[in-house]
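Visitor: Take a look at this one; I'll ask things after.
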Amino acid sequence: QLRRRFESQVTLARGVIAESFPRGTRVTRPAGAYIVWVELPKGCDSVALFERLLERGITIAPGPMFSASQRYRNCMRLSVGQAWADKHERALREVGRLAQELFG
């Protein structure tokens, strides 16, 4: 039951990302998990996006956090493990909107 819930939430998040993020954004489809990796187009800076989102009370995990050599600058990791609610969709749309504004 939990796995189905996560799968549903991942599907919802992937839909919002497809609608809201810059063209060329790619997102993983995890098998049985609730973490998605988002790859923004080259030239996007997830650390700069992270800093701007903090001002809005939204957090993401920028890709370089997961690399000792500061790779994955245009990537981010998102958790969709909490019960999906309108506030999560609004926050995810804001991430996409700001990414479009900064890099689109």
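Visitor: Could you tell me whether any residue of the stretch 33-45 is in contact with a Gly (Cβ under 7 Å, 6 or more places away or on another chain) and either part of a loop (DSSP other than H, G, I, E, B) or crowded, with 17+ Cβ neighbours inside 10 Å (or both)?
Guide: Taking the stretch 33-45 as the starting set, the residues that turn out to be in contact with a Gly (Cβ under 7 Å, 6 or more places away or on another chain) are 34, 41.
Remaining after also requiring either part of a loop (DSSP other than H, G, I, E, B) or crowded, with 17+ Cβ neighbours inside 10 Å (or both): 34, 41.
Within the stretch 33-45 (the criterion being in contact with a Gly (Cβ under 7 Å, 6 or more places away or on another chain) and either part of a loop (DSSP other than H, G, I, E, B) or crowded, with 17+ Cβ neighbours inside 10 Å (or both)), the answer is yes, since at least one residue qualifies.
Residue-by-condition table, conditions (1) open to solvent by 80 Å² or more (accessible area, probe 1.4 Å); (2) in contact (Cβ under 8 Å) with a residue 24 or more places away in the chain; (3) hydrophobic (A, V, I, L, M, F, W, C); (4) part of a loop (DSSP other than H, G, I, E, B):
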{"site": "R77", "(1), (2), (3), (4)": "yes, yes, no, no"}
{"site": "W84", "(1), (2), (3), (4)": "no, yes, yes, yes"}
{"site": "E94", "(1), (2), (3), (4)": "no, yes, no, no"}
{"site": "L98", "(1), (2), (3), (4)": "no, yes, yes, no"}
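Visitor: For R4, state whether it is open to solvent by 80 Å² or more (accessible area, probe 1.4 Å), in a helix (DSSP H, G or I), at pLDDT 95 or above and of a type in the set (D, E, K, R). Walk me through how you get there before you give the answer.
Guide: On the way: open to solvent by 80 Å² or more (accessible area, probe 1.4 Å): yes; in a helix (DSSP H, G or I): yes; at pLDDT 95 or above: no; of a type in the set (D, E, K, R): yes.
So R4 does not fit the description; no.
Visitor: Can you go through R52, R29, R56, R71 and tell me which one is in contact with a Leu (Cβ under 9 Å, 6 or more places away or on another chain) and loosely packed, with under 13 Cβ neighbours inside 10 Å?
Guide: On the way: R52 fails: loosely packed, with under 13 Cβ neighbours inside 10 Å; R29 fails: in contact with a Leu (Cβ under 9 Å, 6 or more places away or on another chain); R71 fails: in contact with a Leu (Cβ under 9 Å, 6 or more places away or on another chain).
Being in contact with a Leu (Cβ under 9 Å, 6 or more places away or on another chain) and loosely packed, with under 13 Cβ neighbours inside 10 Å holds for just one of R52, R29, R56, R71, which is R56.
Visitor: Starting from residues that are part of a loop (DSSP other than H, G, I, E, B) and in contact with a Phe, Trp or Tyr (Cβ under 9 Å, 6 or more places away or on another chain), keep the ones in the stretch 60-75 and report whichever is nearest to P22 (Cα to Cα). Break it down into steps so the answer makes sense when it comes.
Guide: First pass over the stretch 60-75, keeping only residues part of a loop (DSSP other than H, G, I, E, B): 60, 67-74.
From the residues that got through so far, the ones that are in contact with a Phe, Trp or Tyr (Cβ under 9 Å, 6 or more places away or on another chain) too are 60, 72, 74.
Working: I60: 16, Y72: 17, N74: 12 Å.
By that ranking, first place goes to N74.
Visitor: Same structure again: Give all pairs with beta carbons closer than 9 Å in which a residue from the stretch 19-44 that is free of Cβ contacts under 8 Å to residues at least 12 places away in the same chain and hydroxyl-bearing (S, T, Y) meets a residue that is open to solvent by 70 Å² or more (accessible area, probe 1.4 Å) and not in a loop (DSSP other than H, G, I, E, B); count only pairs at least 6 apart in sequence or on separate chains.
Guide: T28/W37
The values are calculated or read from the model by the stated rules, or taken from the named source; none is laboratory data. Being a predicted model, the structure only gives us computed values, none of them experimental. Methodologically, a virtual Cβ is constructed for each residue, glycine included, from the backbone with ideal geometry; neighbour enumeration extends over all protein chains shown. Surface accessibility is based on the protein's heavy atoms, side chains included, excluding ligands, DNA and RNA. Shrake-Rupley method; radii C 1.70, N 1.55, O 1.52, S 1.80 Å.
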